[in-house]
């Protein structure tokens, strides 16, 4: 969860930096940040590379991990959308 939170925070930071200015009107500022976030098409995060196609949901691969009988996390497979 921490890695996903890190990526989400960096996405918002990228959007804020893309705005590049501060508006006096907080509603206008929020709209600028929201629009900048919606305009991000690709993002290289620590959880993997993501592509956005307008739905707001990332298109990226997922790593499947299983817990062994000894309680250890083991890599199972990577599943990528087509």
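Can you tell me which residue in region 28-82 is surrounded by the most Cβ atoms within 10 Å (Cβ to Cβ), limited to those that are in a helix (DSSP H, G or I) and out of contact with any helix residue (DSSP H, G or I) (no Cβ under 6 Å at 6 or more places or on another chain)?
The qualifying residue surrounded by the most Cβ atoms within 10 Å (Cβ to Cβ) is 29.
So the check is Cβ under 8 Å with 6+ separation or different chains; which pairs have a first residue in region 46-57 that's more than 13 Å from residue 80 (Cα to Cα) and a second one that's part of a strand (DSSP E or B)?
52/42; 52/43; 52/58; 52/59; 53/59
Which of (1) loosely packed, with under 11 Cβ neighbours inside 10 Å; (2) within 29 Å of residue 82 (Cβ to Cβ) is the odd one out, the single condition residue 11 does not satisfy?
All conditions are met except number (1).
Would you check if residue 23 is surrounded by 10 or more Cβ atoms within 10 Å (Cβ to Cβ) and in a loop (DSSP other than H, G, I, E, B)?
Spelling it out, residue 23 is indeed surrounded by 10 or more Cβ atoms within 10 Å (Cβ to Cβ) and in a loop (DSSP other than H, G, I, E, B).
Consider only pairs whose beta carbons are under 8 Å apart and that are at least six residues apart or on different chains; among these, list those whose first residue lies in region 3-16 and is farther than 17 Å from residue 42 by Cβ and whose second residue is assigned to a helix (DSSP H, G or I).
Listed by first residue and then by second, the contacts come to 16/33; 16/36.
Laboratory data are not the source of any read-out in this text; all were calculated from the coordinates shown. The structure presented is a predicted model; accordingly, all values stated were derived computationally and were not measured. Cβ: placed from backbone, ideal geometry, glycine included. Neighbour counts: every protein chain shown.
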